[in-house]
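Accompanying notes for the structure given below.
The values are calculated or read from the model by the stated rules, or taken from the named source; none is laboratory data. None of these values were measured; they are calculated from a predicted model. Cβ placement follows ideal geometry from the backbone for every residue including glycine, while neighbour counts extend to all protein chains displayed.
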Amino acid sequence: MDRCTGSALESYLAEYGWAYHAYAEQQWKTGFHGEACHFPLLILLSDTWLSFHVDPFLQLPIDWESWPEIALFLLELNSRHPMLKVGVSQHGHIELSMDILNRGMDYENFCLALSLLGFYADLIYDEILSHLDQIGFRYSESLQLLT
């Protein structure tokens, strides 16, 4: 079966109507607007995988007293949404990623992947904010800062 190439990926992004720029070899930066906010997106392409990384998905200040509860909640999210990976980046941001096989990748499958990522980004974003409220974080959506 065919695999997606860099030029095919760029044509898919253009046809989908997304602005993008090549970041490095086999890497593209773009982004999308969800219901709650703008999500930056890094797309990585290999012979095996097409990887979508939303980082930062949500920026958190490091509050070591709350991190065990946040980490447990992120593990629960991963368990409930096995297509996705929710984790903490080296900068302390919550990140969201999704990997799909780069086999038989065509424009229709690419659109489906982006639609799923957008749907789950909005769903999980709201779930995380709700959980942060439950453990005592206050979130200012207008400033997009945790206070």
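Considering Ser97, Ser46, which residue is surrounded by 13 or more Cβ atoms within 10 Å (Cβ to Cβ), among the hydroxyl-bearing types (Ser, Thr, Tyr) and either out of contact with any strand residue (DSSP E or B) (no Cβ under 6 Å at 6 or more places or on another chain) or closer than 20 Å to Gln27 by Cα (or both)? It would help to see each step written out before you state the result.
Details: Ser46 fails: surrounded by 13 or more Cβ atoms within 10 Å (Cβ to Cβ).
Among Ser97, Ser46, only Ser97 is surrounded by 13 or more Cβ atoms within 10 Å (Cβ to Cβ), among the hydroxyl-bearing types (Ser, Thr, Tyr) and either out of contact with any strand residue (DSSP E or B) (no Cβ under 6 Å at 6 or more places or on another chain) or closer than 20 Å to Gln27 by Cα (or both).
Could you grab me the full set of residues in region 70-113 that are of a type in the set (Lys, Arg), within 23 Å of Asp126 (Cα to Cα) and either touching a residue at least 24 places away in the same chain (Cβ under 8 Å) or in a strand (DSSP E or B) (or both)?
Residue satisfying the conditions is Lys85 alone.
Kindly indicate the residue of region 110-133 that is more than 25 Å from Pro68 (Cβ to Cβ) and among the aromatic types (Phe, Trp, Tyr) and also surrounded by the fewest Cβ atoms within 10 Å (Cβ to Cβ) among those meeting that condition. Restricting to residues being more than 25 Å from Pro68 (Cβ to Cβ) and among the aromatic types (Phe, Trp, Tyr), the top hit is Phe119. When region 20-69 is filtered for residues that are closer than 21 Å to Cys111 by Cβ, over 17 Å from the mean Cα position of the chain (by Cα) and assigned to a loop (DSSP other than H, G, I, E, B), the ones remaining, listed by number, are Gln26, Ser46, Thr48.
Among the residues of region 89-99, just one is modelled with pLDDT under 95 and either among the hydroxyl-bearing types (Ser, Thr, Tyr) or over 19 Å from Gln59 (Cβ atoms) (or both), namely Ser89. Restricting the first residue to region 31-44 and requiring it to be under 15 Å from Gly17 (Cα atoms) and modelled with pLDDT of 90 or more, which pairs with a second residue that is in a strand (DSSP E or B) and hydroxyl-bearing (Ser, Thr, Tyr) meet a Cβ separation below 6 Å and a spacing of at least six or different chains? Note: pairs meeting the criteria are Leu41/Thr30.
Table: residues versus (1) loosely packed, with under 15 Cβ neighbours inside 10 Å; (2) of a type in the set (D, E, K, R); (3) under 20 Å from Gln134 (Cβ atoms); (4) touching a Pro at 6+ places or on another chain (Cβ under 9 Å).
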| position | (1), (2), (3), (4) |
| --- | --- |
| Ala22 | yes, no, no, no |
| Trp28 | no, no, no, no |
| Pro40 | yes, no, no, yes |
| Leu50 | no, no, no, no |
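Ala14 falls short on exactly one of the conditions (1) part of a loop (DSSP other than H, G, I, E, B); (2) among the aliphatic types (A, V, I, L, M); (3) out of contact with any helix residue (DSSP H, G or I) (no Cβ under 8 Å at 6 or more places or on another chain), and that condition is (1).
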